[in-house]
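The values are calculated or read from the model by the stated rules, or taken from the named source; none is laboratory data. Everything numeric in this text was worked out from a predicted model, so none of it was measured. Because the Cβ atoms are built from the backbone with ideal geometry, glycine has one as well, and the counts that use them run over all protein chains shown.
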């Protein structure tokens with residue numbers, strides 16, 4: 001009887017010790033994950049403060065395209081937002097994010113719609129990216145479509161919205177978004193495709209240039225009509241302007 005009681009106590013104590021070890025291991029994992037997030041948030045926040053006044057020399061996408069895809073860098077030209085024709089910004093907003101200056105980085109109805117469509121498709125095919133989201137992955141992440149990148153993108157977007165002005169975000173977007181193989185920014189794209197500054201483009205040229213933003217690697221302003229999405233975007237701008 002005494003042996004039975006002792007054995008029972010040992011089993012109970014053993015189970016308690018196992019539970020404590022599991023809890024300790026789980027706590028360590030949670031603390032580790034939290035620390036990684038804090039470091040990530042800190043780095044992004046610091047860079048956001050820096051990019052508020054300093055123009056980045058390189059971005060992860062530039063490095064990825066150069067080292068992985070082998071795209072050479074074309075000479076880059078930076079254009080302050082106040083010098084970019086207003087119609088460029090307006091056309092970009094019409095196609096990419098009409099409520100950019102009103103929302104806090106996300107269009108939740110569009111996100112819900114994209115989630116349902118992707119779930120039905122069984123993979124990530126449709127996006128609901130705002131200009132803020134696109135800038136987040138342009139400056140800090142990559143273009144790979146997966147849910148982990150989207151998870152990081154959400155965090156970066158929130159930090160950017162908290163620490164950067166909308167005008168600065170728009171300026172960085174127009175100067176760093178990918179516009180072709182090794183072509184980054186609207187001024188660089190204008191000089192590459194048309195041989196002149198974006199300030200000298202006419203309305204028709206501007207519409208074609210902005211229409212290819214979703215497919216800049218495969219199409220150019222001269223071949224935009226071969227892309228169904230680019231052609232649809234061009235026709236939308238035609239109806240408005």
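Taking the criterion of being out of contact with any helix residue (DSSP H, G or I) (no Cβ under 7 Å at 6 or more places or on another chain) and more than 30 Å from residue 33 (Cα to Cα), would at least one residue in the stretch 120-132 satisfy it?
Yes, the conditions are met somewhere in the stretch 120-132.
Checking the condition surrounded by 14 or more Cβ atoms within 10 Å (Cβ to Cβ), under 22 Å from the mean Cα position of the chain (by Cα), in contact (Cβ under 8 Å) with a residue 24 or more places away in the chain and not assigned by TED's automatic domain parsing to the domain that holds residue 138, which residue from 100, 40 passes? First the steps, then the outcome.
Values: 100 fails: not assigned by TED's automatic domain parsing to the domain that holds residue 138.
Of 100, 40, the one residue that is surrounded by 14 or more Cβ atoms within 10 Å (Cβ to Cβ), under 22 Å from the mean Cα position of the chain (by Cα), in contact (Cβ under 8 Å) with a residue 24 or more places away in the chain and not assigned by TED's automatic domain parsing to the domain that holds residue 138 is 40.
Which ones in the stretch 134-172 are in contact (Cβ under 8 Å) with a residue 40 or more places away in the chain, in a helix (DSSP H, G or I), within 10 Å of the chain's Cα centre (by Cα) and within 21 Å of residue 57 (Cα to Cα)?
134, 135, 137, 138, 139, 140, 156, 157
Report the residue count in the stretch 207-241 for those that are touching a residue at least 60 places away in the same chain (Cβ under 8 Å) and loosely packed, with under 14 Cβ neighbours inside 10 Å.
2
Taking the stretch 187-241, which residues are in a loop (DSSP other than H, G, I, E, B) and within 24 Å of the chain's Cα centre (by Cα)?
Those that are in a loop (DSSP other than H, G, I, E, B) and within 24 Å of the chain's Cα centre (by Cα): 215, 216, 217, 218, 219, 220, 221, 227.
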